[in-house]
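Colleague: One structure coming up, written as structure tokens, with questions to follow.
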Amino acid sequence: MMSRSESLERMPAAADPGVTAEIAERLVALPRSRLVTALGQGIVGLHRIIADIRLSGDELLAIVAFLTEVGHHVDRRRQEWVLLADLLGVSTLVHDLSNARPAGATPNTIPGPFYREDVPEMLAGSNISRDGKGEPLEVSGRIQALGGRPVAGAGVEVWHANDQGVYENQDPHLQPEFNLRGRFRTDAQGRFRFLTVKPAGYALPSDGPAGRLMIALGLPPVRPAHLHFRVCRKGYETLTTHVFDRADPAVDRDAVFGVKPELLAEFRALPPRGGRPCHALDLEFVLCPARAGDTEPNGRK
Ligand code: BEZ
Ligand code: FE
């Protein structure tokens, strides 16, 4: 068992010999737990920042007012705390730390708030654009295991924003139910394909304190154009990921830090149809084997 002084040494150096040391001492006197360790490190780190920048009383009041406003922007339809965590990179950091994939496997990313699990399965080649608005996009892809073996019978879900950067469930009065959402199954070669329209990039809400903070910093909360995918197959870890348009001007400043080099794709130009530009996307996702005891979403093994 660690002595009291040994545990204190493991805490970050005290920022102020008075109050910082005193709270650290009170914490190390408590029974060890993850909560106590996390709070100890968090509080001592916070004290150190306050001392380093010499935070003033007025600045502390401004921070309290900001956090209060974040709380006032939470209701059944909105979660400003989650948005703040997303915009500060916290959501992606936490996700990446617990979802590392072996080299060669497609990286996992946060799903974001617009996923729906109740989308019906569709036949290969179906069009998921239910209002036909936008520039046609033909998507074909292949699911494989590490080592290259095709994964047949995998469930492939896709969801994305429309050509104005808006998801169907943000826009229920203007877009048909399940617009730009689909669920497909891979064939014996691990292939899937569907038709849709090219999504636009979009801005996350900036009518609340989290978005306003980013704008005040000169970091508007934009997301480059992307499609979201979720791929499930028994025996493999479920993959939740994005595919980003590498030509989007915002590709190197994604507001939620989801862009990774392996997730960039080229929207190839196809000959225009009826005067409309057309595009194609060829994708490949690599799954890794499930770890012992892994359960797929909805409890499916
Ligand atoms: C999205 O809109 O795709 C998204 C938003 C916040 C976090 C992650 C994804
Ligand atoms: Fe999205």
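Colleague: Using Cα positions and a limit of under 18 Å, work out the aspartates and glutamates in reach of LYS234, with same-chain residues fewer than 8 apart set aside.
Modeller: Of all the aspartates and glutamates, those that pass the test against LYS234 - Cα under 18 Å, at least 8 places apart if same chain - are GLU117, GLU121, GLU157, ASP187, ASP294, GLU296.
Colleague: Next question, about the same structure. Express as a percent, rounded to the nearest 5, the fraction of DSSP beta bridges in segment 139-287 (both residues included) that run antiparallel.
Modeller: 75
Colleague: So what J values fall out for segment 106-119 if you push phi through Karplus, 6.51 cos²θ - 1.76 cosθ + 1.60 with θ = phi - 60°, rounded to Hz, Gly and Pro as x?
Modeller: Going residue by residue, I get 5, x, 8, 9, 5, x, x, x, 9, 5, 10, 9, 9, 7 Hz, with x marking Gly and Pro.
Colleague: Could you check the simple spin-label distance between ASP131 and ILE215, using points 7 Å along Cα→Cβ, in nm with one decimal?
Modeller: The two pseudo-label positions are separated by 2.4 nm.
Colleague: Right, something else. For segment 63-197, divide the Cα radius of gyration by the Kirkwood radius and give the resulting Rg/Rh value with two decimals.
Modeller: Dividing the radius of gyration by the Kirkwood radius yields 1.04.
Colleague: What share of all Cα pairs of segment 83-287, in percent, falls into each consecutive 10 Å distance bin?
Modeller: In order of increasing distance, the bins hold 9, 34, 38, 17, 3, 0 percent.
Colleague: Provide the gained length on full extension for the span ALA203 to ALA188, in nm with one decimal, where the gain is 0.36 nm per separating residue minus the Cα-Cα distance.
Modeller: Net length gain for the segment: 1.5 nm.
Colleague: What Kirkwood radius, in Å to one decimal, follows from the Cα pairs of segment 220-283?
Modeller: Roughly 13.5 Å, rounded to one decimal.
Colleague: If you don't mind, another one. Can you list the residues of segment 199-241 with backbone N under 17 Å from a point 7 Å past the Cα of ASP75, pointing along Cα to Cβ?
Modeller: 205-210
Colleague: Write down the accessible area per residue of the chain in Å², having rolled a 1.4 Å probe over the full set of protein chains.
Modeller: Numbers: 16660 Å² over 301 residues.
Per-residue accessible area for the chain comes out at 55 Å².
Colleague: I'd like the FRET efficiency for ASP282 and ALA29, computed as 1/(1 + (r/R0)^6) with the beta carbon distance as r and R0 of 51 Å, rounded to 0.05. Please report the intermediate quantities before stating the final value.
Modeller: Numbers: r = 60 Å, r/R0 = 1.19.
It comes out at approximately 0.25.
Colleague: Between ASN99 and LEU174, what is the label-point separation in nm under the 7 Å Cα-to-beta-carbon projection?
Modeller: 2.8
Colleague: Taking the Cβ-Cβ separation of GLN164 and LEU46 as r and a Förster radius of 45 Å, what is the calculated FRET efficiency to the nearest 0.05?
Modeller: After rounding to 0.05, the efficiency reads 0.65.
Colleague: In segment 14-97, carbon and sulfur make up what percent of the accessible area (probe 1.4 Å)?
Modeller: Solvent-exposed carbon and sulfur of segment 14-97 make up 64 percent of the total.
Colleague: Okay, moving on. Per-residue ellipticity at 222 nm for the chain, helices alone: DSSP H runs ≥ 4 residues times -39500 (n - 2.57), over residue total, nearest 500 deg cm²/dmol?
Modeller: Mean residue ellipticity at 222 nm (helix-derived): -8000 deg cm²/dmol.
Colleague: Tell me the carbon and sulfur percent of the accessible area for segment 139-193, rounded to whole percent, probe radius 1.4 Å.
Modeller: 48
Colleague: Next up: Tally the DSSP beta bridges in the chain and give the antiparallel ones as a percent, rounded to 5.
Modeller: Percent antiparallel among DSSP bridges in the chain is about 70.
Colleague: Taking all pairs of distinct Cα atoms, average 1/r, flip it, and tell me the Kirkwood hydrodynamic radius of segment 163-252 in Å to one decimal place.
Modeller: About 15.7 Å for segment 163-252.
Colleague: What nm distance separates the two modelled labels at LEU60 and LEU123, each placed 7 Å from Cα along Cα→Cβ?
Modeller: 6.8
The values are calculated or read from the model by the stated rules, or taken from the named source; none is laboratory data. Please read these numbers as outputs of a predicted model, since none were measured by experiment. So basically every Cβ, Gly included, is an ideal-geometry build from the backbone, and we count neighbours across all protein chains shown. Just so you know, the surface numbers come from the protein's heavy atoms only, side chains and all, with ligands and any DNA or RNA stripped out. Shrake-Rupley method; radii C 1.70, N 1.55, O 1.52, S 1.80 Å.
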